[in-house]
1. In nm, to one decimal, how far is the Asp764 label point from the Ala726 one, both placed 7 Å along Cα→Cβ?
2. How much length is gained if the chain between Phe195 and Gln616 is pulled fully straight, taking 0.36 nm per residue apart and subtracting their Cα-Cα distance, in nm to one decimal?
3. Accessible area per residue of segment 461-601 at 1.4 Å probe, in Å²?
4. What lysines could a cross-link reach from Lys443, if we take a straight Cα to Cα line under 26 Å and drop same-chain neighbours fewer than 8 places away?
5. Expressed as a whole number of Å, what is the distance separating the alpha-carbon centroids of segment 87-146 and segment 436-507?
6. If one computes the Cα centroid of segment 599-629 and of segment 60-85, what distance in Å separates the two points?
7. Of the heavy-atom accessible surface of segment 20-109 (probe 1.4 angstrom), what whole percent is carbon and sulfur?
8. Roughly speaking, what is the stretch gain from Asn288 to Ser737, that is 0.36 nm per residue apart minus the C-alpha to C-alpha distance, in nm to one decimal?
Amino acid sequence: MKLKYPFVLIHISTVVFILAESSRPPFACDSSHPLTKSYPFCKPTLPINQRVQDLISRLTLDEKISQLVNSAPPIPRLGIPEYEWWSEALHGVAYFPTVHTGMSLNGTIQSATSFPQVILTAASFDVHLWYRIVGREARAIYNAGQATGMTFWAPNINIFRDPRWGRGQETPGEDPVVTGKYAVSFVRGIQGDTFEGGKLGHHLQASACCKHFTAYDLDNWKGVNRFVFNAKVSLQDLADTYMPPFRSCIEEGKASGIMCAYNRVNGVPNCADYNLLSKTARAQWGFNGYITSDCDAVSIIHEEQGYAKLPEDAVADVLKAGMDVNCGNYLKNYTKSAVVKRKLPISEIDRALHNLFSVRMRLGLFDGNPLQQPFGKIGPDQVCSQEHQNLALEAARNSIVLLKNNYRLLPFSKAKTASLAVIGPNTNSAKTLLGNYAGPPCKTVTPLQGLQRYVKDITYHPGCNAVNCSYALTDQAVKVAKGAEYVVLVMGLDQTQEREELDRVDLVLSPKQQNLISIVARAAKNPVVLVLLSGGPVDISFAKYDKHIGSILWAGYPGEAGGLALAEIIFGDHNPGGRLPVTWYPQSFVKVPMTDMRMRPEPSSGYPGRTYRFYQGQKVFEFGYGLSYSNYSYEFLPVAQNTVYLNHPVKSPKAELENSNALKHVPVSEIGTELCSKRIPVTVRAQNHGDMAGRHPLLLFVRSAKAGNGRPEKQLVAFQSVILNAGERADVEFELSPCEHLSTANEDGLMVIEEGSHFLSIEDKESEITVIL
């Protein structure tokens, strides 16, 4: 049976693992084991490399091969317990009862904090928030004896390139800078590093895995699936869109894991790409960790892609490329025959095992009882703690985006709102709040439950049988709406419409749901509030321009506390400040093939490009759009020097192009460390002109004075989230690097800096910087 990650049971062990069921977590090198003291691999005082070499030298070939799959069996004669590489913690520790993963929530701990789905949390543009989510709960569950692994296959840092992608909800959005910064913060937080980084050392609180490497953003669209899709990607797009988040994840975040994706890139399967896994990730970026396949990706290389002629060829291809562990059983089944047929040297198996056991040792699983080690005091009280539940609420309330607020309809008055009708299929659905890859939450507050805390006279009606509204109860919903002073419609999508293995074919709501919204809005006594739950963007142009719909809120999938966060915003206990992390396209965008990976537009063929950086077409809402109950103003403060001198002799004959639309430019690689270390200080004065305090993200963009020739329309270079009281102003400081923030990718995939004017912008304000080469 083919594994369709993550929904199919991949391993059923015939062994009863007593340690995993006890209050003590599983570990090797137990001091009570008679041989432990004689094993060098059990001596924490020795370097990890030396310990791993000793361990591998003691294994038989069959034992070595057994460790190359995600469900690694125990090695009893050496006192090594089983280890499960596959665990999930996308936005909280996840647990799937029908799937064998490393985390279990069926013991004394039966739930974990469910934070908002990633696409919503990204809308906060708050790196400190991203650092704090998930965190310590993973280690706490392990310490409680309810885990056989601490390697978490998160975060998902693929670019949300196409609005139809069912898994876009799992990502931080369409921008490579935001996605890279999210990756760094998330990885540092879960692995136990400081927020600033650099303090991790050899010990891991838990292991993060950046996925899916690379150019993976299509699941199942019009008969094309992720297993066979060949992503044709230019060097230019790889350099400035698809690869930067993974580079940040490795170089800055120091992630200890990478997952290679199912798809091929320019004909080569990601998991069999030596240039990608070994030359780029390990040699160029300094990756120090393990590389796993996505589930069953190795078998697909032979069975579905036809890239490898035989199963043994697929096994040899991935191990020689630099992959270490197979989610699935292909390596268990065919590695030995690959060795016998001389397709694979044992040295490649040893190389993979070195990476795998190094990570397990960094997790402290070969140092004796983990409860007596640095992370051993993280107890079960950390799971679903009040601090973490408060953080889930904070994440939701700081991320929800106000898209429309005509007539200053919101916030409602807590004292004067006499009655409220709450209508829609997502109004009282706890499951919809969570999105995908979620475990049992500590508790949930639905939108209905949240609003009931503010209004006593409240009436609820689902309006439809489900979000697809195959059966709409319009007349009943209208009757409920007419009986209340104000109406809140809680509509949108859920996992039946967008998820892993299900991409959308439309960007609009179902016709019956849209019709229900419009009819109820016209029937209501006052303009209505429309709340949308969704991961991907939705073309709601009908609601944007409907005078009967006064306010629109996008709440993503807001997690266990999402309903309370919405209610706090609707009734003014919180001032919304989220900003969209993706462009919201019109329905007409579905004419663009989802299989076209090009980021840049091609006007001659009508191809509009993708994401705010390159898209040349109409938008429903722009990337970074978001309203507040306050009005903010911005001003660039004068700088002592707005000219950057990067005078450097040109080495490359291609440094100046003979092109009427080209400017003098130099590859960043030729500028040198000294000149690249220059910093450009930028100060922006922000002021809150409203009568409510608010948290507000400042997004700093840059654009070249000369458009076209593959340059982005604009590019986000920095962002900060600031809190301003009513009437307060603050000076927000940014520090830019010319080589990092003023460079663009050329057609050869090289980052270059162009001479001339570059314009920094926040909202409608701009400040010029001149680069002299």
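The values are calculated or read from the model by the stated rules, or taken from the named source; none is laboratory data. Remember, it's a predicted structure, so these values are computed and weren't measured experimentally. Cβ sites come from the backbone with ideal geometry, for glycine too, and all protein chains shown count toward neighbours. Ligands, DNA and RNA are stripped out before the accessible areas are found, and what is left, the full protein with its side chains, is counted by its heavy atoms. Shrake-Rupley method; radii C 1.70, N 1.55, O 1.52, S 1.80 Å.
1. Between Asp764 and Ala726, the label points sit 2.6 nm apart.
2. 147.8 nm is the gain from fully extending Phe195 to Gln616.
3. Using a 1.4 Å probe on heavy atoms only, each residue of segment 461-601 averages 30 Å².
4. By straight Cα distance, Lys443 reaches Lys377, Lys414, Lys431, Lys456.
5. With segment 436-507 and segment 87-146 each reduced to a Cα centre, they are spaced 25 Å.
6. So the two Cα centres are separated by 50 Å.
7. Within segment 20-109, the accessible surface is 56 percent carbon and sulfur.
8. So the chain would gain 159.0 nm between Asn288 and Ser737.
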